[in-house]
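Written below as C-alpha coordinates is the structure these notes are about.
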2 protein chains.
Amino acid sequence: MPRPSVEAARREQILSAACDVVSEIGFKSLRIADVARRAGTSTGTVHYYFDTKADLMRAAFEWNFTRSLDRRRPLLEEQSDPRRRLRAFVESYLPIDDVTVRAWRVWAELWVEALHDRDLQELNDQVYGEWRRIVAGVLRDGQDRGLFRDEDPVLVANGLIGMIDGLALQALLGSRSMTVERMREVCERAIRDLELAAV
Amino acid sequence: MPRPSVEAARREQILSAACDVVSEIGFKSLRIADVARRAGTSTGTVHYYFDTKADLMRAAFEWNFTRSLDRRRPLLEEQSDPRRRLRAFVESYLPIDDVTVRAWRVWAELWVEALHDRDLQELNDQVYGEWRRIVAGVLRDGQDRGLFRDEDPVLVANGLIGMIDGLALQALLGSRSMTVERMREVCERAIRDLELAAV
DNA sequence: CCTCAGTTTGACGGACGCGTCAGTTAACGA
DNA sequence: TCGTTAACTGACGCGTCCGTCAAACTGAGG
(Lines give C-alpha, C1' and ligand atoms only; values in the text may rest on other atoms or scores of the structure.)
Protein backbone atom coordinates (compact mmCIF):
# COMPACT_ATOMS: atom_id res chain seq x y z
CA MET A 1 0.00 0.00 0.00
CA PRO A 2 1.55 3.30 -1.12
CA ARG A 3 0.27 5.31 1.83
CA PRO A 4 -2.37 5.14 4.54
CA SER A 5 -5.86 5.84 3.31
CA VAL A 6 -7.31 9.16 4.25
CA GLU A 7 -10.64 8.24 2.77
CA ALA A 8 -12.56 7.78 6.01
CA ALA A 9 -11.38 11.03 7.52
CA ARG A 10 -11.89 13.03 4.34
CA ARG A 11 -15.37 11.65 3.84
CA GLU A 12 -16.38 12.68 7.36
CA GLN A 13 -14.93 16.10 6.80
CA ILE A 14 -16.95 16.53 3.63
CA LEU A 15 -20.15 15.13 5.13
CA SER A 16 -19.90 17.41 8.12
CA ALA A 17 -19.39 20.37 5.82
CA ALA A 18 -22.37 19.27 3.74
CA CYS A 19 -24.59 19.17 6.83
CA ASP A 20 -23.36 22.61 7.85
CA VAL A 21 -24.26 24.02 4.48
CA VAL A 22 -27.63 22.28 4.29
CA SER A 23 -28.48 23.61 7.72
CA GLU A 24 -27.45 27.11 6.77
CA ILE A 25 -28.80 27.62 3.29
CA GLY A 26 -30.87 24.50 2.58
CA PHE A 27 -30.63 21.61 0.19
CA LYS A 28 -32.15 23.65 -2.60
CA SER A 29 -29.45 26.30 -2.54
CA LEU A 30 -26.54 24.00 -1.75
CA ARG A 31 -23.72 24.05 -4.29
CA ILE A 32 -20.94 21.54 -4.45
CA ALA A 33 -18.58 24.51 -4.33
CA ASP A 34 -20.10 25.60 -1.00
CA VAL A 35 -19.42 22.22 0.53
CA ALA A 36 -15.90 22.19 -0.85
CA ARG A 37 -15.11 25.61 0.55
CA ARG A 38 -16.59 24.72 3.93
CA ALA A 39 -14.56 21.52 4.01
CA GLY A 40 -11.44 23.44 3.08
CA THR A 41 -10.94 21.53 -0.15
CA SER A 42 -11.87 21.69 -3.84
CA THR A 43 -14.91 20.68 -5.83
CA GLY A 44 -12.79 18.06 -7.53
CA THR A 45 -12.11 16.37 -4.22
CA VAL A 46 -15.78 16.34 -3.29
CA HIS A 47 -16.50 14.58 -6.57
CA TYR A 48 -13.63 12.21 -5.95
CA TYR A 49 -15.47 10.86 -2.90
CA PHE A 50 -19.05 11.31 -4.05
CA ASP A 51 -19.93 10.75 -7.69
CA THR A 52 -22.98 12.98 -7.78
CA LYS A 53 -24.68 15.59 -5.67
CA ALA A 54 -27.46 13.11 -4.92
CA ASP A 55 -24.93 10.62 -3.59
CA LEU A 56 -23.41 13.27 -1.40
CA MET A 57 -26.74 14.32 0.04
CA ARG A 58 -27.89 10.80 0.70
CA ALA A 59 -24.64 10.10 2.55
CA ALA A 60 -24.92 13.36 4.47
CA PHE A 61 -28.43 12.51 5.62
CA GLU A 62 -27.29 9.10 6.75
CA TRP A 63 -24.30 10.56 8.55
CA ASN A 64 -26.50 13.13 10.27
CA PHE A 65 -28.74 10.39 11.59
CA THR A 66 -25.95 8.13 12.78
CA ARG A 67 -24.37 11.00 14.67
CA SER A 68 -27.69 11.93 16.29
CA LEU A 69 -28.26 8.44 17.54
CA ASP A 70 -24.70 8.00 18.75
CA ARG A 71 -24.96 11.19 20.76
CA ARG A 72 -28.02 9.81 22.56
CA ARG A 73 -26.97 6.27 23.27
CA PRO A 74 -25.21 7.18 26.54
CA LEU A 75 -28.33 8.96 27.76
CA LEU A 76 -30.35 5.79 27.57
CA GLU A 77 -27.76 3.75 29.36
CA GLU A 78 -27.13 6.17 32.19
CA GLN A 79 -30.68 6.45 33.44
CA SER A 80 -32.23 3.41 35.06
CA ASP A 81 -35.59 4.96 35.95
CA PRO A 82 -37.78 4.79 32.82
CA ARG A 83 -39.38 8.10 33.73
CA ARG A 84 -36.02 9.80 33.84
CA ARG A 85 -34.90 7.94 30.75
CA LEU A 86 -37.89 9.14 28.78
CA ARG A 87 -37.46 12.71 29.95
CA ALA A 88 -33.76 12.75 29.21
CA PHE A 89 -34.41 11.41 25.74
CA VAL A 90 -37.13 13.91 24.95
CA GLU A 91 -35.12 16.74 26.48
CA SER A 92 -32.20 15.87 24.25
CA TYR A 93 -34.35 16.63 21.20
CA LEU A 94 -35.19 20.16 22.23
CA PRO A 95 -33.55 22.39 19.63
CA ILE A 96 -31.43 24.33 22.11
CA ASP A 97 -27.76 23.95 21.31
CA ASP A 98 -26.22 24.45 17.89
CA VAL A 99 -25.53 20.78 17.31
CA THR A 100 -29.12 19.76 17.93
CA VAL A 101 -30.48 22.62 15.87
CA ARG A 102 -28.24 21.69 12.97
CA ALA A 103 -29.31 18.07 13.17
CA TRP A 104 -32.99 19.06 13.17
CA ARG A 105 -32.62 21.36 10.21
CA VAL A 106 -30.88 18.70 8.17
CA TRP A 107 -33.55 16.29 9.24
CA ALA A 108 -36.30 18.60 8.02
CA GLU A 109 -34.59 18.95 4.68
CA LEU A 110 -34.45 15.18 4.39
CA TRP A 111 -38.17 14.92 4.99
CA VAL A 112 -39.08 17.21 2.17
CA GLU A 113 -36.53 15.77 -0.18
CA ALA A 114 -37.85 12.32 0.64
CA LEU A 115 -41.33 13.35 -0.47
CA HIS A 116 -39.99 12.96 -3.99
CA ASP A 117 -37.37 10.25 -3.54
CA ARG A 118 -38.09 6.62 -2.75
CA ASP A 119 -34.57 5.96 -1.59
CA LEU A 120 -34.70 8.67 1.03
CA GLN A 121 -38.12 7.47 2.15
CA GLU A 122 -36.53 4.15 2.90
CA LEU A 123 -33.86 5.88 4.96
CA ASN A 124 -36.44 7.92 6.85
CA ASP A 125 -38.43 4.81 7.56
CA GLN A 126 -35.45 3.03 9.05
CA VAL A 127 -34.62 5.95 11.28
CA TYR A 128 -38.17 6.54 12.37
CA GLY A 129 -38.47 2.85 13.16
CA GLU A 130 -35.38 2.92 15.31
CA TRP A 131 -36.61 5.93 17.18
CA ARG A 132 -40.03 4.42 17.75
CA ARG A 133 -38.46 1.20 18.96
CA ILE A 134 -36.44 3.08 21.55
CA VAL A 135 -39.35 5.11 22.90
CA ALA A 136 -41.71 2.15 22.91
CA GLY A 137 -39.07 0.17 24.77
CA VAL A 138 -38.80 2.77 27.48
CA LEU A 139 -42.58 2.93 27.77
CA ARG A 140 -42.90 -0.84 28.01
CA ASP A 141 -40.21 -0.90 30.65
CA GLY A 142 -42.06 1.76 32.63
CA GLN A 143 -45.32 -0.11 32.34
CA ASP A 144 -43.71 -3.31 33.59
CA ARG A 145 -42.59 -1.44 36.66
CA GLY A 146 -46.01 0.05 37.15
CA LEU A 147 -44.89 3.61 36.43
CA PHE A 148 -46.76 4.33 33.20
CA ARG A 149 -50.39 3.92 32.28
CA ASP A 150 -51.27 0.73 30.53
CA GLU A 151 -51.73 1.80 26.91
CA ASP A 152 -50.38 0.43 23.67
CA PRO A 153 -46.72 1.54 23.84
CA VAL A 154 -46.34 1.68 20.09
CA LEU A 155 -49.35 3.93 19.71
CA VAL A 156 -48.16 6.21 22.48
CA ALA A 157 -44.63 6.27 21.11
CA ASN A 158 -45.89 7.27 17.69
CA GLY A 159 -47.93 10.06 19.19
CA LEU A 160 -45.05 11.34 21.27
CA ILE A 161 -42.55 11.24 18.46
CA GLY A 162 -44.95 12.87 16.04
CA MET A 163 -45.54 15.62 18.55
CA ILE A 164 -41.85 16.21 19.05
CA ASP A 165 -41.30 16.41 15.31
CA GLY A 166 -44.11 18.87 14.82
CA LEU A 167 -43.17 21.06 17.75
CA ALA A 168 -39.48 21.10 16.88
CA LEU A 169 -40.34 22.19 13.38
CA GLN A 170 -42.31 25.16 14.64
CA ALA A 171 -39.59 26.04 17.13
CA LEU A 172 -37.01 25.91 14.35
CA LEU A 173 -39.15 28.25 12.31
CA GLY A 174 -38.75 30.81 15.04
CA SER A 175 -42.46 30.84 15.76
CA ARG A 176 -43.30 33.48 18.31
CA SER A 177 -45.77 31.13 19.93
CA MET A 178 -43.62 28.02 19.88
CA THR A 179 -40.37 28.69 21.66
CA VAL A 180 -38.13 25.98 23.00
CA GLU A 181 -39.44 26.75 26.47
CA ARG A 182 -43.00 26.31 25.32
CA MET A 183 -42.06 23.10 23.58
CA ARG A 184 -40.59 21.81 26.81
CA GLU A 185 -43.83 22.56 28.66
CA VAL A 186 -45.96 20.82 26.06
CA CYS A 187 -43.74 17.75 26.16
CA GLU A 188 -43.68 17.71 29.92
CA ARG A 189 -47.45 17.81 30.02
CA ALA A 190 -47.66 14.93 27.59
CA ILE A 191 -45.20 12.84 29.56
CA ARG A 192 -46.92 13.55 32.86
CA ASP A 193 -50.15 12.34 31.27
CA LEU A 194 -48.52 8.99 30.69
CA GLU A 195 -47.43 8.52 34.26
CA LEU A 196 -49.52 6.95 36.95
CA ALA A 197 -50.01 9.02 40.06
CA ALA A 198 -47.29 8.32 42.61
CA VAL A 199 -48.26 5.72 45.16
CA MET B 1 -62.00 50.33 -19.22
CA PRO B 2 -61.08 48.44 -22.43
CA ARG B 3 -62.29 45.03 -21.27
CA PRO B 4 -63.19 43.15 -18.08
CA SER B 5 -60.20 42.11 -16.02
CA VAL B 6 -59.33 38.46 -16.06
CA GLU B 7 -56.58 38.98 -13.55
CA ALA B 8 -58.25 37.31 -10.58
CA ALA B 9 -59.20 34.18 -12.49
CA ARG B 10 -55.86 33.85 -14.21
CA ARG B 11 -53.96 34.30 -10.96
CA GLU B 12 -55.95 31.52 -9.34
CA GLN B 13 -55.34 29.29 -12.30
CA ILE B 14 -51.60 29.85 -12.07
CA LEU B 15 -51.48 29.47 -8.28
CA SER B 16 -53.39 26.21 -8.44
CA ALA B 17 -51.01 24.95 -11.09
CA ALA B 18 -48.06 26.02 -8.97
CA CYS B 19 -49.37 24.05 -6.00
CA ASP B 20 -49.90 21.02 -8.22
CA VAL B 21 -46.35 21.17 -9.41
CA VAL B 22 -44.87 21.79 -5.96
CA SER B 23 -46.80 18.83 -4.63
CA GLU B 24 -45.63 16.61 -7.46
CA ILE B 25 -41.99 17.46 -7.90
CA GLY B 26 -41.17 19.84 -5.05
CA PHE B 27 -40.17 23.45 -4.77
CA LYS B 28 -36.57 22.64 -5.55
CA SER B 29 -37.35 21.12 -8.94
CA LEU B 30 -40.13 23.46 -9.90
CA ARG B 31 -39.60 25.40 -13.12
CA ILE B 32 -41.66 28.35 -14.23
CA ALA B 33 -42.17 26.44 -17.46
CA ASP B 34 -43.74 23.53 -15.52
CA VAL B 35 -46.24 25.85 -13.91
CA ALA B 36 -47.02 27.50 -17.23
CA ARG B 37 -47.63 24.18 -18.94
CA ARG B 38 -49.80 22.94 -16.09
CA ALA B 39 -51.81 26.14 -16.18
CA GLY B 40 -52.21 25.84 -19.92
CA THR B 41 -50.41 29.07 -20.62
CA SER B 42 -46.93 30.42 -21.31
CA THR B 43 -43.98 31.38 -19.14
CA GLY B 44 -44.46 34.94 -20.26
CA THR B 45 -47.95 35.00 -18.77
CA VAL B 46 -46.74 33.59 -15.48
CA HIS B 47 -44.21 36.39 -15.32
CA TYR B 48 -46.90 38.85 -16.30
CA TYR B 49 -48.70 38.09 -13.03
CA PHE B 50 -45.75 37.27 -10.81
CA ASP B 51 -42.52 39.19 -11.20
CA THR B 52 -40.22 36.52 -9.82
CA LYS B 53 -40.29 32.88 -8.90
CA ALA B 54 -40.08 33.84 -5.23
CA ASP B 55 -43.17 36.02 -5.59
CA LEU B 56 -45.03 33.17 -7.24
CA MET B 57 -44.12 30.70 -4.53
CA ARG B 58 -45.00 33.04 -1.72
CA ALA B 59 -48.40 33.65 -3.31
CA ALA B 60 -48.90 29.93 -3.89
CA PHE B 61 -48.18 29.14 -0.25
CA GLU B 62 -50.62 31.80 0.84
CA TRP B 63 -53.25 30.55 -1.56
CA ASN B 64 -52.77 26.99 -0.36
CA PHE B 65 -53.39 28.08 3.20
CA THR B 66 -56.44 30.17 2.46
CA ARG B 67 -58.00 27.30 0.55
CA SER B 68 -57.29 24.86 3.37
CA LEU B 69 -58.94 27.04 5.93
CA ASP B 70 -61.92 27.82 3.72
CA ARG B 71 -62.53 24.14 3.18
CA ARG B 72 -62.72 23.60 6.94
CA ARG B 73 -64.82 26.53 8.02
CA PRO B 74 -68.13 24.73 7.37
CA LEU B 75 -66.96 21.80 9.50
CA LEU B 76 -66.61 23.99 12.54
CA GLU B 77 -69.99 25.60 12.08
CA GLU B 78 -71.91 22.40 11.47
CA GLN B 79 -70.97 20.60 14.64
CA SER B 80 -72.30 21.95 17.90
CA ASP B 81 -70.82 19.31 20.21
CA PRO B 82 -67.19 20.30 20.90
CA ARG B 83 -66.15 16.65 20.95
CA ARG B 84 -67.55 16.12 17.49
CA ARG B 85 -66.18 19.43 16.34
CA LEU B 86 -62.69 18.52 17.47
CA ARG B 87 -62.88 15.09 15.86
CA ALA B 88 -64.23 16.45 12.60
CA PHE B 89 -61.47 19.00 12.49
CA VAL B 90 -58.70 16.52 13.20
CA GLU B 91 -60.21 14.00 10.81
CA SER B 92 -60.20 16.59 8.06
CA TYR B 93 -56.42 16.78 8.32
CA LEU B 94 -55.83 13.09 7.71
CA PRO B 95 -54.01 12.88 4.40
CA ILE B 96 -56.58 10.67 2.70
CA ASP B 97 -57.97 12.39 -0.35
CA ASP B 98 -55.93 14.01 -3.09
CA VAL B 99 -56.84 17.53 -2.13
CA THR B 100 -55.68 17.11 1.45
CA VAL B 101 -52.54 15.30 0.44
CA ARG B 102 -51.66 18.05 -1.99
CA ALA B 103 -52.24 20.71 0.65
CA TRP B 104 -50.02 18.85 3.12
CA ARG B 105 -47.22 18.41 0.66
CA VAL B 106 -47.24 22.07 -0.25
CA TRP B 107 -47.34 22.86 3.43
CA ALA B 108 -44.27 20.75 4.09
CA GLU B 109 -42.40 22.50 1.31
CA LEU B 110 -43.28 25.82 2.87
CA TRP B 111 -41.85 24.74 6.21
CA VAL B 112 -38.49 23.88 4.81
CA GLU B 113 -38.34 26.91 2.58
CA ALA B 114 -39.25 29.05 5.55
CA LEU B 115 -36.22 27.77 7.45
CA HIS B 116 -34.22 30.11 5.25
CA ASP B 117 -36.73 32.88 4.59
CA ARG B 118 -37.99 35.37 7.18
CA ASP B 119 -40.95 36.33 5.09
CA LEU B 120 -42.24 32.79 4.89
CA GLN B 121 -41.64 32.34 8.61
CA GLU B 122 -44.00 35.22 9.17
CA LEU B 123 -46.59 33.54 6.97
CA ASN B 124 -46.18 30.23 8.78
CA ASP B 125 -46.56 31.95 12.11
CA GLN B 126 -49.82 33.58 11.09
CA VAL B 127 -51.23 30.30 9.88
CA TYR B 128 -50.07 28.32 12.86
CA GLY B 129 -51.57 30.98 15.12
CA GLU B 130 -54.91 30.75 13.40
CA TRP B 131 -54.94 27.00 13.66
CA ARG B 132 -54.00 27.06 17.34
CA ARG B 133 -56.68 29.63 18.04
CA ILE B 134 -59.30 27.40 16.47
CA VAL B 135 -58.29 24.26 18.35
CA ALA B 136 -57.87 26.09 21.65
CA GLY B 137 -61.32 27.61 21.14
CA VAL B 138 -62.91 24.22 20.70
CA LEU B 139 -61.11 22.91 23.75
CA ARG B 140 -62.17 25.87 25.87
CA ASP B 141 -65.73 25.44 24.73
CA GLY B 142 -65.62 21.77 25.68
CA GLN B 143 -64.18 22.57 29.07
CA ASP B 144 -66.90 25.10 29.74
CA ARG B 145 -69.46 22.40 29.08
CA GLY B 146 -67.62 19.98 31.32
CA LEU B 147 -66.67 17.65 28.49
CA PHE B 148 -62.89 18.04 28.47
CA ARG B 149 -60.32 17.81 31.22
CA ASP B 150 -59.32 21.07 32.77
CA GLU B 151 -55.88 21.74 31.33
CA ASP B 152 -54.37 24.79 29.69
CA PRO B 153 -56.14 24.79 26.30
CA VAL B 154 -53.30 26.53 24.54
CA LEU B 155 -50.77 23.98 25.76
CA VAL B 156 -53.00 21.09 24.75
CA ALA B 157 -53.76 22.67 21.38
CA ASN B 158 -50.07 23.08 20.68
CA GLY B 159 -49.41 19.48 21.55
CA LEU B 160 -52.26 18.22 19.40
CA ILE B 161 -51.36 20.32 16.40
CA GLY B 162 -47.70 19.42 16.68
CA MET B 163 -48.64 15.78 16.79
CA ILE B 164 -50.84 16.06 13.73
CA ASP B 165 -48.07 17.80 11.82
CA GLY B 166 -45.50 15.18 12.73
CA LEU B 167 -47.76 12.24 12.03
CA ALA B 168 -49.00 13.63 8.74
CA LEU B 169 -45.45 14.11 7.62
CA GLN B 170 -44.60 10.49 8.27
CA ALA B 171 -47.78 9.34 6.60
CA LEU B 172 -46.95 11.46 3.56
CA LEU B 173 -43.55 9.86 3.43
CA GLY B 174 -45.24 6.54 2.90
CA SER B 175 -43.86 5.16 6.14
CA ARG B 176 -44.72 1.51 6.51
CA SER B 177 -45.36 2.04 10.21
CA MET B 178 -47.32 5.26 9.90
CA THR B 179 -50.28 4.77 7.66
CA VAL B 180 -53.29 7.03 7.62
CA GLU B 181 -55.17 4.40 9.58
CA ARG B 182 -52.47 4.33 12.22
CA MET B 183 -52.48 8.10 12.34
CA ARG B 184 -56.19 8.08 12.94
CA GLU B 185 -55.77 5.69 15.88
CA VAL B 186 -53.03 7.77 17.44
CA CYS B 187 -55.12 10.92 17.14
CA GLU B 188 -58.19 9.21 18.49
CA ARG B 189 -56.24 8.03 21.52
CA ALA B 190 -54.97 11.55 22.14
CA ILE B 191 -58.45 13.03 21.88
CA ARG B 192 -59.96 10.42 24.13
CA ASP B 193 -57.33 11.30 26.70
CA LEU B 194 -58.65 14.83 26.75
CA GLU B 195 -62.23 13.84 27.42
CA LEU B 196 -63.71 13.33 30.82
CA ALA B 197 -65.37 10.00 31.40
CA ALA B 198 -69.06 10.15 30.51
CA VAL B 199 -71.29 10.89 33.47
C1' DC C 1 15.92 7.75 -7.12
C1' DC C 2 12.08 5.93 -9.30
C1' DT C 3 7.58 3.98 -9.63
C1' DC C 4 2.98 3.87 -8.85
C1' DA C 5 -1.49 4.22 -6.75
C1' DG C 6 -4.08 7.16 -4.14
C1' DT C 7 -5.32 11.81 -3.86
C1' DT C 8 -5.99 16.63 -5.16
C1' DT C 9 -6.81 20.49 -8.07
C1' DG C 10 -9.38 23.99 -10.80
C1' DA C 11 -10.53 25.12 -15.46
C1' DC C 12 -13.93 24.09 -18.72
C1' DG C 13 -17.90 22.16 -21.53
C1' DG C 14 -22.44 21.83 -21.66
C1' DA C 15 -26.97 22.03 -19.93
C1' DC C 16 -30.31 24.51 -17.83
C1' DG C 17 -33.73 27.99 -16.43
C1' DC C 18 -35.00 32.75 -14.94
C1' DG C 19 -36.47 36.99 -16.43
C1' DT C 20 -36.60 40.22 -20.37
C1' DC C 21 -38.47 42.02 -24.34
C1' DA C 22 -40.18 43.06 -28.82
C1' DG C 23 -44.02 41.89 -31.00
C1' DT C 24 -48.96 40.03 -31.34
C1' DT C 25 -53.76 39.55 -30.15
C1' DA C 26 -58.28 40.84 -28.65
C1' DA C 27 -61.86 43.48 -26.42
C1' DC C 28 -63.80 47.77 -25.57
C1' DG C 29 -65.12 52.74 -26.31
C1' DA C 30 -65.34 56.39 -29.47
C1' DT D 1 -63.49 51.45 -38.24
C1' DC D 2 -59.87 52.85 -35.49
C1' DG D 3 -57.18 53.84 -31.31
C1' DT D 4 -56.07 52.17 -26.91
C1' DT D 5 -54.65 49.14 -23.59
C1' DA D 6 -54.76 44.86 -21.04
C1' DA D 7 -53.33 40.36 -21.89
C1' DC D 8 -50.39 37.13 -23.89
C1' DT D 9 -46.50 34.84 -26.32
C1' DG D 10 -42.06 32.39 -26.86
C1' DA D 11 -37.34 33.09 -28.29
C1' DC D 12 -33.19 34.54 -26.37
C1' DG D 13 -29.43 36.56 -23.34
C1' DC D 14 -27.15 35.80 -19.47
C1' DG D 15 -25.65 33.80 -15.41
C1' DT D 16 -25.20 29.58 -12.85
C1' DC D 17 -23.49 25.15 -11.57
C1' DC D 18 -22.70 20.03 -12.15
C1' DG D 19 -19.60 16.66 -13.44
C1' DT D 20 -15.48 15.71 -16.28
C1' DC D 21 -10.80 15.63 -17.12
C1' DA D 22 -5.96 16.23 -17.80
C1' DA D 23 -2.45 17.33 -15.12
C1' DA D 24 -0.09 17.72 -10.72
C1' DC D 25 1.14 16.12 -6.27
C1' DT D 26 2.28 12.96 -2.34
C1' DG D 27 4.34 9.41 0.17
C1' DA D 28 5.47 4.51 0.70
C1' DG D 29 7.88 0.61 -1.33
C1' DG D 30 11.39 -1.15 -4.40
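The values are calculated or read from the model by the stated rules, or taken from the named source; none is laboratory data. Computed from a predicted structure; not experimentally measured. Quick reminder, even Gly has a Cβ in these numbers, built from the backbone with ideal geometry, and neighbours come from all protein chains shown. When the accessible area is computed, the model is the full protein with side chains, heavy atoms only, and any ligands, DNA or RNA have been set aside. Shrake-Rupley method; radii C 1.70, N 1.55, O 1.52, S 1.80 Å.
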Tell me whether region A:62-79 contains one or more residues that are within 12 Å of DNA strand C (Cβ to nearest atom), away from chain B (no Cβ under 14 Å) and farther than 30 Å from residue B:53 by Cβ. no
Read through the list (1) open to solvent by less than 10 Å² (accessible area, probe 1.4 Å); (2) more than 8 Å from chain A (Cβ to nearest Cβ), then give the number of the only condition that residue B:170 fails. (2)
Provide a single number: the residues in region B:22-35 that are more than 21 Å from residue B:172 (Cβ to Cβ) and either more than 10 Å from DNA strand D (Cβ to nearest atom) or open to solvent by 40 Å² or more (accessible area, probe 1.4 Å) (or both). 3
Could you say which residue among A:17, A:8 is open to solvent by 20 Å² or more (accessible area, probe 1.4 Å), part of a helix (DSSP H, G or I) and away from every other protein chain (no Cβ under 14 Å)? A:8
For region B:55-74, indicate whether the set of residues that are within 16 Å of DNA strand D (Cβ to nearest atom), farther than 19 Å from residue B:141 by Cβ, open to solvent by 40 Å² or more (accessible area, probe 1.4 Å) and not basic (Lys, Arg) is non-empty. yes
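Take residue A:38 and decide whether it is within 16 Å of DNA strand C (Cβ to nearest atom), crowded, with 17+ Cβ neighbours inside 10 Å and more than 13 Å from the chain's Cα centre (by Cα).
The answer is yes for residue A:38.
Test of understanding: among B:130, B:181, B:185, which residue is under 30 Å from residue A:109 (Cβ atoms), at pLDDT below 95 and open to solvent by 10 Å² or more (accessible area, probe 1.4 Å)?
It is B:130.
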Residue satisfying all of: in region B:41-54; hydrophobic (A, V, I, L, M, F, W, C) and buried (at least 16 other Cβ atoms within 10 Å of the Cβ); farthest from DNA strand D (Cβ to nearest atom) among these: B:50
Any idea which of A:36, A:9, A:18 is closer than 19 Å to residue A:123 by Cα and among the small types (Gly, Ala, Ser)? A:18
Of the candidates B:182, B:133, B:140, the one satisfying the condition of being over 30 Å from residue A:120 (Cα atoms), in a helix (DSSP H, G or I) and within 11 Å of chain A (Cβ to nearest Cβ) is B:133
Can you tell me which residue among A:15, A:56, A:69 is of a type in the set (A, V, I, L, M) and touching a residue at least 60 places away in the same chain (Cβ under 8 Å)? A:69
Pairs please, first residue from region A:95-119 and more than 10 Å from every other protein chain (Cβ to nearest Cβ), second anywhere and open to solvent by 30 Å² or more (accessible area, probe 1.4 Å), Cβ atoms under 6 Å, 6+ apart in sequence or on different chains. A:95/A:101; A:96/A:180
